[in-house]
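In what follows, a structure is listed as structure tokens, so that the remarks can point back to it.
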Amino acid sequence: MKKFNIRKVLNGLTASSSSASPQPGTNQNDVIQETLQSEHFQLCKTVRHGFPYRPSSMAFDPVQKILAIGTQSGAVRLFGRAGVECYCQHDSGAAVIQLQFLVNEGALVSALADDSVHLWNLRQKQPAILHTLKFNRERITFCHLPFQSKWLYIGTEKGNIHIVNVESFTLSGYVIMWNKAIELSSKSHPGPVVHISDNPMDEGKILIGFECGTVVLWDLKCKKADYRYNHDEAIHSVAWHHEGKQFTCSHSDGTLTTWNVRVPAKPTITITPHGKQPKDGKKPEPCKPILKVEYKTTRDGDAFMVMSGGLSYDTGCRRSCLTVIHGKSTAILEMDYPIVDFLTLCETPYPNDFQEPYAVVVLLEKDLVVIDLGQIGYPIFENPYPLSIHESPVTCVEYFADCPPELIPALYSVGSRQNRQGYSKKEWPISGGNWGQGTLSYPEIIITGHADGSIKFWDASAIMLQVLYKLKTAKVFEKALKGGKEEKPSTEIVDEDPFAIQTLSWCPESRVLCVAGVSAHVIIYRFSKQEMTTEVVQLLEVRMQGELNDVDSPDPAGDHPPTPSTPVPPSSSSPTQEGEPPEAQPFTSDDGPRDNVPCLKVRSSPLKQSPGYQVELVIQLVWVSGEPPQQITSLAVNSSYGLVVFGNSSGLVVVDYLQMILLLNMGTSELYSPSDPYQRQPRSPRKTRQPSGDLSTVTSCISRLSIFSTSMKKTYYSSNSPLSDNSDGNNASEEKSNKSPTSAKMSRKMSSPTEQKTGLDAKDSLFSRSRSSSVTSIERESREAISSFHFSESFPRKTDSNPSPSLWVGTTQGTVLVLSLSLPPTGDQRLQQPVGVSSCGTLVRLKGGILTMAFLDSLGAVLPPSYEPWSEPNAPDEEKEARSRRPASPPPTQEGQDSQYAVVCSEKQAKVVGLPSQSCFFKHNITESSFVLRADVVQMAAGLCLACFCANGHVMTLSLPSLRPLLDVNYLPLTDMRIARTFCFSNLGQALYLTSPTEIQRITYSQETCDNLQEMMGELFTPLETPEAPNRGFFKGLFGGGAQSLDREDLFGETAAGKGSRSLAQHIPGPQGMEGMKGAASGVVGDLARARIALDERGQKLGELEDRTAAMMASADSFSKHAHDMMLKYKDKKWYQL
């Protein structure tokens, strides 16, 4: 029976009232059959990638080989083998202070800063909380769960220890009170409990460490303290020797004390590993606290002692260090970030056996490092997880689903050569779990741009993430010298991260990449599998300026045209200026305004380019009369036409990157004139610059929204900075950006390959900041900037009968303008004859800035921009294929009917316009109280739709071409501008955003993907046999001395200890049923999936029971056989013959 959904009915009613067909002729659209319905959509999270943001704790299951990391926001990330990850979240959002695995049981205990303890079930694909215990009167400071025990010790700030049954999550009546643990003669409180552990050889004895420096060996049976060990310095951690005869404590003064269990008077050994030993035998100088120490023994060699902290206060090293002491050797391993926690991985889970350590997992504030203890020099393992997303702060993100299948292997082949050397040759030790078995798989690529100018390509297929290739755009430019102030470039717009990626455009089919940086530069790359050396990087400098009345002073060089539309001959800017030494002009800033100077200096030495993306052309905007160039807000490239176009608040620029000449450079206001702007001679980058429009300083395209206050907009703009976790640092960088720039030399060089399409909208321009005091905030908001571009084979004019190449331009004022392109024939003529560009005026106007544009044919199918298939750009001439444009084949049309439909979406509404008639057939007001942040026309499995993400957190989809609402979910209230800048949609119902500076959250709005999500996800828990306990040996078994077991049930159970205090802690049961389906499936499909998982788990348990039964039957048969043989052997013998 079909499930009735009232929301979908209401959506249909809304669609009927909000969609419009104001123009006659709508009947011709009846032939377009819309196949998408609201049943095809459902929104849910799929997977989270990246490093856990602000980690706080860590745990490892040595049998399952699963790693858990807790964060300060209450998240828990679980990692198994490469591709097996899981994300969980505590509802309270409190920091996770400690994690404890129930080893090989498929369960995890988490202790939070809000004094709650939770039990997670990991035997399902999506872990869920089974029990919660909330403490009311005492604060939790430390937890300990002994191996193969169901009793959890919980230490508190008051110094007491409570015991919890992890099966029922109830408190035991057995409590260790602090006043009974310490000496009666002590007059002060010992402080919080900082350590609890049981004696490896005697489970009836536990070691309790108090912050003040007191350690107590408590006898659980006798309920008294056996020994008390007192030290003057505060304790941070305690580590047992595996034989249980001694233990080591780390202290706040950088010392390690080793105690004999039976000699509590004083430590047997006291050392300061990093302290300077005075010659007169005095006590060494105190060092920094040793925050944690672990002592691990080996059967055939010296023990390992691993510790964090403890360095001398006067040491020159400011980095955090991990110290590994093995025998007489001491290794200090420097870390890039502060150490949060570390764990030593050992061969056995039993604490009373030789540990045989083989690796150390080090959790840093922004990285996860695993050190190989088995190789000389302690190399690190190569990390297979996608934890390097934040290696440099992310500044832009683009997502491409259903890419050409050969693209990922091509990127991987060139990226695999970039791997660094020096890693351990062993396999990654965190290898638990199993991959998912989902069948929904298609090539997906995520591209991230970073603050250091790097670009990373990621394989995101099948809800996994793996880095494919890394491109460093900063290699094109000279590095700034830091030797002196006079050598620092003074023409940079920003003082920090001048190479940061602002937006990019990529064409997967032709592999052409175009990148716009924060310093008003554009770089075009081509993909090549061959290495090459570029002697001279080709450079094109462009002078943009707005209307003349925006410029306060006349141009001293006389470059400005008398009117904005007047063509300027090439001689207006002399070639000698370009060849002058670059330092000369910046240093004349005291005598006159900087002019015709780019923000960055392109390198002058030969550039060796490895296989992969190779630079073909660098375009730089230059300073105009002391004003810096405006940052680029929109970008597009088309490989079929050989054109790249970019725009900002001053206007737009069209460049022919095949001929490497400037085609068009004009202000936004000039585009409204239908006259042909292409009256200017194309110029080579080796020749002069051309003037064009003014540059003051204005920001992104959402600035004109009248609904939101100026303060809110300023908040949005101030957040447009590299996605770092330090907001203060971002503000500081913005203040620094107003400093006067220094020199940037004008260098040119030549390079080879390129790439294409993927742009961030103008509102996503991350580094757009105002730097001109002459322009008021009101003028900034009223300035019309370019917000989006779209190349298409379409109908630029109403009178056109056949589609032709065109460029569609969207502005922040909601106007769509059209430029007609006249392309020469392919081949040699394309490289010799100029490309014509003419303005065709305004097509349509919408409320709010234009975000996206797309074109449909008469049957409703999307018309992608034409492209040139990829070919090796560095191949010999005889092997190169002739360049050929691939225009979309015009669909069959009848006379007088529109053969195309333009879909235009702004921040407020969407329209569908017929072409060439330019009649508006459908119109939909998307939002009244908010505005759209991101919109894209996406291809679903069953048809096309328009997907929108609004500032109020709503995710919506509209049918095409009728613009019927199909989905409207209040998914994510917009509390973080990082989400607004990085949210992007992709085909087949996929989307993502940066949920923190280090993590990418992927979501889906496809019902099909939601239904298959459980199968696609990996499994964390795998049924494994627990390793056998160590052999006690004959003499230890005969005379004692082996491990002493303890029946904790007799001590802590309700019968012996009574019930725990109800007022101390409140038990909260977790949700019942299969929580693995929580939020991921609903309705009949969800019930079936839940039942299937339940049956699978039940079948697994039945299978295990059957195996045990068979083993018992085999054992019984064997015993019966031996007994029968014994009976036959002694049947006829007398008693004295035995």
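A search for C-beta distances below 8 Å between a residue of the range 1057-1078 that is at pLDDT 80 or above and any residue that is of a type in the set (D, E, K, R) and open to solvent by 70 Å² or more (accessible area, probe 1.4 Å), counting only pairs 6+ apart in sequence or on different chains, returns 1063/137; 1064/137. Can you work out which of the residues in the range 808-857 that are farther than 19 Å from residue 645 by Cβ and not in a loop (DSSP other than H, G, I, E, B) is least open to solvent (accessible area, probe 1.4 Å)? For the range 808-857, the residue satisfying everything is 856. One residue stands out in the range 290-312 among those that are part of a loop (DSSP other than H, G, I, E, B), open to solvent by 40 Å² or more (accessible area, probe 1.4 Å) and at pLDDT 90 or above: the one that is farthest from residue 322 (Cα to Cα), namely 299.
Within the range 238-278, the residues that satisfy the criterion of being in contact with an Asp or Glu (Cβ under 9 Å, 6 or more places away or on another chain), in a loop (DSSP other than H, G, I, E, B) and touching a residue at least 60 places away in the same chain (Cβ under 8 Å) are 242, 244, 261.
Residues that are outside any loop (DSSP other than H, G, I, E, B), modelled with pLDDT of 85 or more and either surrounded by fewer than 14 Cβ atoms within 10 Å (Cβ to Cβ) or polar (S, T, N, Q) (or both) within the range 1013-1035 comprise just one, 1014. Scanning the range 421-430 for residues that are more than 14 Å from residue 377 (Cβ to Cβ) and either open to solvent by 50 Å² or more (accessible area, probe 1.4 Å) or in contact with a Leu (Cβ under 9 Å, 6 or more places away or on another chain) (or both) gives 427, 429, 430. In the range 272-293, which residues are under 24 Å from residue 340 (Cβ atoms) and basic (Lys, Arg)? 288, 292, listed by residue number.
Residue count for the range 980-1007 satisfying the condition of being part of a helix (DSSP H, G or I) and either charged (D, E, K, R) or open to solvent by less than 10 Å² (accessible area, probe 1.4 Å) (or both): 4. Among residues of the range 977-988 that are on the phi > 0 side of the Ramachandran plot, those with a Cβ under 9 angstrom from a residue that is among the small types (Gly, Ala, Ser), sequence gap 6+ or separate chain, pair up as 988/401; 988/941; 988/1006. Taken over the range 395-438, the residue count meeting the criterion of being of a type outside the set (Lys, Arg) and farther than 30 Å from residue 867 by Cα is 17. The residues of the range 374-386 that are in contact with a strand residue (DSSP E or B) (Cβ under 7 Å, 6 or more places away or on another chain), open to solvent by 10 Å² or more (accessible area, probe 1.4 Å) and touching a residue at least 60 places away in the same chain (Cβ under 8 Å) amount to a single one, 385.
Considering every residue within the range 934-941, establish whether at least one is open to solvent by less than 10 Å² (accessible area, probe 1.4 Å), among the hydrophobic types (A, V, I, L, M, F, W, C) and closer than 20 Å to residue 787 by Cβ. Yes: the range 934-941 contains one or more residues that are open to solvent by less than 10 Å² (accessible area, probe 1.4 Å), among the hydrophobic types (A, V, I, L, M, F, W, C) and closer than 20 Å to residue 787 by Cβ. Exactly one residue out of 999, 1015, 1019 is charged (D, E, K, R), farther than 15 Å from residue 934 by Cα and out of contact with any strand residue (DSSP E or B) (no Cβ under 9 Å at 6 or more places or on another chain): that is 1015.
Out of the residues in the range 313-352 meeting the condition of being of a type in the set (D, E, K, R) and under 31 Å from the mean Cα position of the chain (by Cα), tell me which one is surrounded by the most Cβ atoms within 10 Å (Cβ to Cβ). The residue in question is 341.
Checking each residue in the range 126-175 for being of a type in the set (Lys, Arg) and either in a strand (DSSP E or B) or surrounded by 19 or more Cβ atoms within 10 Å (Cβ to Cβ) (or both) picks out only 134. Here 226, 202, 198 are screened, and the one residue that is in contact with a Leu (Cβ under 7 Å, 6 or more places away or on another chain), closer than 23 Å to residue 163 by Cα and modelled with pLDDT under 95 is 226. Regarding the range 821-829, can at least one residue be identified that is at pLDDT below 95 and β-branched (Val, Ile, Thr)? Checked against the condition, which is being at pLDDT below 95 and β-branched (Val, Ile, Thr), the range 821-829 yields at least one hit.
Out of 285, 233, one residue alone is open to solvent by 80 Å² or more (accessible area, probe 1.4 Å), of a type in the set (Asp, Glu) and not in a strand (DSSP E or B). It is 285.
The selection criterion, being within 18 Å of residue 82 (Cα to Cα), in contact (Cβ under 8 Å) with a residue 60 or more places away in the chain, surrounded by 21 or more Cβ atoms within 10 Å (Cβ to Cβ) and not hydrophobic (A, V, I, L, M, F, W, C), does not hold for residue 357.
The values are calculated or read from the model by the stated rules, or taken from the named source; none is laboratory data. Please read these numbers as outputs of a predicted model, since none were measured by experiment. So basically every Cβ, Gly included, is an ideal-geometry build from the backbone, and we count neighbours across all protein chains shown. In case anyone asks, the SASA skips ligands and DNA or RNA and just uses the protein heavy atoms, side chains included. Shrake-Rupley method; radii C 1.70, N 1.55, O 1.52, S 1.80 Å.
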